[in-house]
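What follows is one structure encoded as C-alpha cells, with my remarks underneath.
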Amino acid sequence: MPRNYRYVASTPRFRFPTNKNSTDFRLDEEKNPFISDIEVIVKFNGDIYSLSQKLGAEAEILYNDYAIIRIEKTKLSLLNANPQIEHLELPKKLYLEGPNSLISSCIPSVQRSTGLGLRGNGVIVAIIDSGIDYTHPDFRNKDGTSRILFIWDQTQMGTPPPGFFSGSEYNTQQINNALQSPDPFLVVPSVDTNGHGTAISGIAAGNGNASDSVNIGVAPEADIIAVKVGYKGFQSFARSTELMRALKYVIDKAKGLNKPVCINMSFGMNNGSHRGNSLFETFISDISSEWKTSIIVPTGNEGAAGHHFSGIIKTNEIKEIEFFTAPGLESLYLSLWKNFVDDFEIELIFPDGSSSGIVGIENQTKTIRRPNYDVDIFYGQPSHYSDLQEIFVVYRARNGTLSAGLNKIRLYAQTIVDGNFDIWLPTLEEVTAQTFFTDSSIYNTLTIPSTAARVIKVAGYNDRVGNIAAFSGRGGVQPNSIIPDLAAPAVNILTTKTGGGYDTFTGTSFAAPYVTGSAALMMEWGIVKNNDPFLYGERVKAFLRKGATRREDILYPNATFGYGTLCLQTTMNYLVEYRLGADYFWLMV
C-alpha cells in the first residue's frame with residue numbers, strides 16, 4: 001500500500017505526510033522562489049505568534065484565524081506537524097488580466113447635480129494592481145494636490161506600513177511634496193511601469209482634469225488608495241499572499257479613517273479547482289465581511305483562450321485529450337480536478353511522440369526527465385476544504401525552453417462513479433494564445449479569485465453592440481455553478497494612461513472598475529448620506545444584480561452576463577424605492 005500523503009494544492013509544490021509524527025517531506029528547490037525561507041498561508045488555532053517564535057519564524061495575522069508565515073524551509077515540516085495548524089497552502093502567482101462607456105452603464109444621470117449628485121465623496125476607492133501614476137492630473141484636485149491618501153508599493157525597499165514587513169508606504173503629504181518637486185519620482189519613487197493600475201484607477205475614480213472634465217471616471221471625487229502588488233525585485237506578477245496583505249492593509253486604513261471602501265482587484269489565475277474553496281479564496285470571502293467593504297473582481301479573459309477542458313469518462317474507457325504548447329515557454333502546468341471516488345491513471349505524450357508511461361496514484365508523485373526539461377506528476381488527496389482530487393502536472397525546462405507543438409493526455413479509467421473532470425492550462429498572460437486545448441470549453445473559465453463567494457464578479461461586454469466579449473470569462477452551466485454577477489463595458493475603453501493623457505484598453509480588467517466606481521456612488525448615498533447605513537458587501541451586489549439591464553431574448557441569470565449589464569440609475573431607483581418603503585413601514589409601526 002502506498003504511503004499516505006496529504007496534498008497541498010499550490011505552486012510551488014510540497015508533499016507532506018499526513019502522519020503527524022513523521023518529518024519526511026520533499027522540497028523541490030527549483031519550484032521555490034526563495035533561497036533559504038518561504039512564505040505559507042495557514043489557517044490556525046491558538047497562539048500563532050508563540051509557535052512562530054519557537055520555530056524562528058515570522059507570523060502576520062491577517063484576519064481572525066488566517067496568517068502568513070515566513071519560515072526556514074528546513075522547519076516547514078515542524079510547522080505542518082503542529083496541531084495549531086489546521087490547513088496550510090503555498091502562495092500562487094497571479095497575473096494582471098489584461099468616452100467612455102458611462103452612458104451605457106446609466107451612470108451620468110446619477111452623477112449630475114440635477115439627479116442624485118453622487119460623485120464618490122466620503123468613500124475610498126482602493127486599487128490593488130500594478131500601481132498608479134500619481135502625477136496624472138486626473139488623480140489631483142483642482143489646486144494640484146493629490147487625491148491619493150496612500151500608496152503602498154510592495155516591490156520597493158523602504159518604510160513599510162505598520163504591521164507589515166516589506167514594501168514602502170507613502171502618504172498624502174509625501175505625495176504632495178513629490179508633486180511640488182522638479183523630479184517627483186526622486187521623492188516618491190513608485191512608478192506604474194505596466195500602466196494597468198493607472199488605467200483601472202481612471203475608470204473607477206478619475207476626475208477628468210486632463211480633459212477639462214470630459215473623460216471622467218465613475219466616482220471622480222472619491223479618495224484613492226493604491227497598492228502596487230508584488231514582492232521586492234519582482235514587478236511582473238504578484239503572489240496570492242501579496243493580495244491578501246493588500247486587502248488587509250486597505251481595509252485597516254478605511255476602518256481607521258472611518259470611511260467605506262470599494263476594492264478593485266484585476267488579477268486572475270487558473271491554478272485551482274475554481275470552486276472558491278482554497279485558503280486564498282475563503283480568506284477573501286471572510287475578510288469581505290470586515291468593515292464597510294465591497295470587493296470587485298473581473299471574471300478574467302479566458303473565455304476564448306482554449307485553456308479549459310471539461311469531460312466525462314466511463315469505467316474502463318481510455319480518453320485522449322490534445323493540447324498545443326507555444327514556443328518559448330520555460331514552464332507550464334496542467335491542473336486536473338475530479339471526483340475523489342473515481343479512479344483513473346494518466347499518460348503524457350510529448351511533441352516528439354515519446355511517452356511518460358502510465359502513472360497511477362500508487363506513485364503519488366513521479367518525475368519524468370526529458371532531454372531539456374522535467375515533468376512532475378502529483379496525485380493529490382481531498383482536504384477538509386474540498387472533496388475533490390487534483391492531479392497536478394508541471395513541465396519545467398532545465399535548459400532553454402519547453403518543446404513546442406502537439407501534446408496528448410491519455411486518461412485510463414478504472415472504477416468510475418461520477419466521471420466528470422476538468423483540466424485547466426495557465427492563463428493567457430502566462431502561456432499566450434498559442435497554448436490551448438484542441439477541444440476546449442468556454443464555460444467554467446472564470447479566473448481565480450473571481451470564484452470567491454463574497455466578491456462582485458464582473459464579466460465584460462461590448463457596449464457598442466450589446467454582445468458579451470468573446471474573451472470574457474464564463475461561469476458554469478450546471479445548477480449552483482459559479483457565474484458572473486453582471487457585465488460591464490470592456491472593449492476599447494478610454495481611460496488614463498501612465499505618463500499623462502488617455503488611451504484605449506480592452507479586457508475584463510477594465511469592466512470591473514465601472515462596477516467599483518458604481519459601488520462607491522451607492523455607498524456614498526447609503527452610508528455617507530445616511531440613507532442606507534448597511535449598503536456594502538452582499539447588499540451592494542444584490543442591488544447591482546436587481547438593477548442590471550436584461551434583454552428579452554436572453555434567459556437570466558446565465559453563465560455569460562450573469563444577471564445582466566450594469567445600469568446604475570436603475571439600481572439607484574430601486575434603492576430609493578426601497579428606502580421610501582422602509583420609511584413608510586416605520587411610520588406605520
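Projected label points at Glu290 and Ala470, each 7 Å from Cα along the beta carbon direction, are separated by 4.2 nanometres.
Overall, the accessible surface of the chain at a probe of 1.4 angstrom is composed of carbon and sulfur to the extent of 51 percent.
Most tightly packed first, judged by the mean number of other beta-carbon atoms within 10 Å of their residues, the peptides 428-438, 529-539 read 428-438, 529-539. In this structure the amide hydrogen of Phe344, modeled in the peptide plane, comes within under 5 Å of the amide hydrogens of Gln414, none closer than 5 places in sequence on its chain. Rounded, prolate or oblate: pick one for the range 391-478, where a ≥ b ≥ c are the square roots of the eigenvalues of its C-alpha gyration tensor, a/c under 1.5 means rounded, and failing that, prolate if a/b is larger than b/c, else oblate. Oblate shape, in that a/c is at least 1.5 and b/c is the bigger or equal ratio. Per-residue Karplus couplings for the range 243-255, computed as 6.51 cos²θ - 1.76 cosθ + 1.60 with θ equal to phi - 60°, are listed in order as 5, 5, 4, 4, 4, 4, 4, 5, 5, 4, 5, 4, 5 Hz, Gly and Pro entered as x. The stretch between Ala433 and Thr315 holds 39.1 nm of extra length on full extension. This uses 0.36 nm per residue minus the Cα-Cα distance. Report note on the peptides 272-284, 449-461: ranked by the mean count of other C-beta atoms within 10 Å, highest first, their order is 449-461, 272-284.
Calculate, for the range 486-589, the solvent-accessible area per residue in square angstrom, rolling a 1.4 angstrom probe over the heavy atoms of the protein chains.
Values: 4540 Å² over 104 residues.
I get 44 Å² per residue for this part.
Karplus-derived 3J(HN,Hα) values for the range 129-142, using 6.51 cos²θ - 1.76 cosθ + 1.60 with θ = phi - 60°, are 6, 8, x, 8, 7, 5, 7, 5, x, 6, 10, 10, 6, 4 Hz; glycine and proline are entered as x. Excluding same-chain neighbours fewer than eight residues apart, the lysines reachable from Lys529 by a Cα-Cα span under 25 Å are Lys142, Lys253, Lys255, Lys259, Lys292, Lys541, Lys546.
Solvent-accessible area per residue for the range 341-472 at a 1.4 Å probe radius, Å²? Intermediate results must be reported in sequence, preceding the final value.
Values: 4940 Å² over 132 residues.
With the other protein chains kept in place, the range 341-472 gives 37 Å² per residue.
Amide H contacts of Gly122: Asp223, each under 5 Å away and 5 or more positions distant or on a separate chain (H built 1.01 Å from N in the peptide plane; Pro and chain starts excluded). A cut-off of 5 Å between modelled amide H atoms, ignoring neighbours fewer than 5 places along the same chain, links Ile456 with Ile295, Ile296, Val297. Among beta bridges from DSSP that stay inside the chain, the antiparallel ones total about 75%.
When the C-alpha to C-alpha distance is required to be over 29 Å, the pairs from Lys366/Lys457; Lys92/Lys408; Lys248/Lys497; Lys408/Lys457 that qualify are Lys366/Lys457; Lys408/Lys457. Think of it this way: in the chain, Cys262 stand alone, with no other Cys Cβ under 4.7 Å. Plugging the Kirkwood radius over Cα pairs into Stokes-Einstein for the chain, at a temperature of 4 °C and a viscosity of 1.567 mPa s, what D comes out in µm²/s? Using the Kirkwood radius from Cα pairs, D works out to 52 µm²/s. Remark: the range 164-283 carries 31 Å² of accessible area per residue (probe radius 1.4 Å; ligands, DNA and RNA excluded). A simple rule links phi to the HN-Hα coupling: the Karplus curve 6.51 cos²θ - 1.76 cosθ + 1.60 with θ = phi - 60°, which for the range 300-316 gives x, 10, 9, x, 10, 7, x, 9, 10, 10, 10, x, 10, 10, 10, 3, 6 Hz, with x for Gly and Pro. Packing, taken as the mean count of other beta carbons within 10 Å per residue, orders the peptides 391-403, 122-134 from highest to lowest as 122-134, 391-403.
The values are calculated or read from the model by the stated rules, or taken from the named source; none is laboratory data. Predicted model only: the values in this text are computed from it and were never measured. No Cβ is skipped: glycine too gets one built from the backbone with ideal geometry, and neighbour counts run over all protein chains shown. For the accessible areas, the whole protein counts, side chains as well, though only heavy atoms, and no ligand, DNA or RNA atoms are used. Shrake-Rupley method; radii C 1.70, N 1.55, O 1.52, S 1.80 Å.
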